[in-house]
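Structure record follows, encoded as structure tokens.
The values are calculated or read from the model by the stated rules, or taken from the named source; none is laboratory data. The model shown is predicted, which means the values in this text are computed figures rather than measured ones. Don't worry about glycine lacking a Cβ; one is built from the backbone with ideal geometry, like all the others, and counts go over all protein chains shown.
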Amino acid sequence: MTQPASVTFDGTDLVLWVPALESIEFPGLSELTDPAVLDMSCYFSDTGWAPTLSEAAITDNRLCSSTDFSGPGRKGYTIPLMYVFNPEDPTQDEARLTLVEDTLGYFVERPGVPFDEPLAAGDLVRCYAVKLGRQHEAGRTANSPWLIQQQAYLRPPGTTTALVEVAAS
């Protein structure tokens, strides 16, 4: 078997804040390029976008067996956010001004493609429907930028179970 090529992570992750989507399974190109969409890619710190999945296990033991069996249970997502802010210049502070507590919206991630390459129909993305938690100033460290720490909470309809294609629209 030939070893498959890998894609370097650095600079190959586009993350958008999208105020409205008709369907997380079929996000439309016009929805993802709407003027209200905010490109978060350069606001997030290098560790500021890191959704994680936890999966509980269910026990499925049987009277007739001496083996313990299990299966997949509920899934949970943790979506911590860490992004730069600049209160002195509102044109460079869109993330803080947009991601207000209790706001509903969607994070849409396109992994593995240079972030500055235009989004196109057929690109693979993952969508997260979220409600935003409270912003808190973080990063009080020498030689570091000021950062906002915030939690995004998964809400119905949740997230796509796999990468989905951007629909032409």
The lone condition Val84 fails out of (1) under 14 Å from the mean Cα position of the chain (by Cα); (2) touching a residue at least 12 places away in the same chain (Cβ under 8 Å); (3) closer than 30 Å to Gly139 by Cα is (1)
Given the criterion touching a helix residue (DSSP H, G or I) at 6+ places or on another chain (Cβ under 7 Å), of a type in the set (Gly, Ala, Ser) and in contact (Cβ under 8 Å) with a residue 12 or more places away in the chain, identify the matching residue among Ala152, Ala167. Ala167
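Can you find even one residue in the range 126-144 that is of a type in the set (A, V, I, L, M), farther than 18 Å from Val15 by Cα and exposed (fewer than 11 other Cβ atoms within 10 Å of the Cβ)?
Let us first name the residues in the range 126-144 that are of a type in the set (A, V, I, L, M), namely 129-130, 132, 138, 142.
Among the residues that remain, those that are also farther than 18 Å from Val15 by Cα are: 138, 142.
Now drop any that are not exposed (fewer than 11 other Cβ atoms within 10 Å of the Cβ), which leaves 142.
Yes; the residues of the range 126-144 include at least one that is of a type in the set (A, V, I, L, M), farther than 18 Å from Val15 by Cα and exposed (fewer than 11 other Cβ atoms within 10 Å of the Cβ).
Can you report the number of residues in the range 126-148 which are hydroxyl-bearing (Ser, Thr, Tyr) and in contact (Cβ under 8 Å) with a residue 24 or more places away in the chain?
1
Let's see how each residue does on (1) aromatic (Phe, Trp, Tyr); (2) in a loop (DSSP other than H, G, I, E, B); (3) in contact (Cβ under 8 Å) with a residue 40 or more places away in the chain; (4) surrounded by 13 or more Cβ atoms within 10 Å (Cβ to Cβ):
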position	(1), (2), (3), (4)
Glu55	no, no, no, no
Thr91	no, no, no, no
Val108	no, no, yes, yes
Thr161	no, yes, no, no
Can you list residue pairs whose Cβ atoms sit under 9 Å apart, with the first residue in the range 14-32 being among the charged types (D, E, K, R) and the second being in a helix (DSSP H, G or I)? Count only pairs 6 or more apart in sequence or on different chains. Glu22/Glu31
Is it the case that the range 95-106 has a residue that's more than 15 Å from Val37 (Cα to Cα), surrounded by 11 or more Cβ atoms within 10 Å (Cβ to Cβ) and of a type in the set (Phe, Trp, Tyr)? no
Residue among Leu63, Leu38, Leu104 that alone is over 30 Å from Ser6 (Cβ atoms), hydrophobic (A, V, I, L, M, F, W, C) and touching a residue at least 40 places away in the same chain (Cβ under 8 Å): Leu104
Answer residue from the range 61-89, given it is surrounded by 10 or more Cβ atoms within 10 Å (Cβ to Cβ) and assigned to a loop (DSSP other than H, G, I, E, B) and is modelled with the lowest pLDDT among those: Pro87
If a residue must be surrounded by fewer than 18 Cβ atoms within 10 Å (Cβ to Cβ) and either under 19 Å from Ser169 (Cα atoms) or under 13 Å from the mean Cα position of the chain (by Cα) (or both), how many such residues does the range 39-51 contain? 4
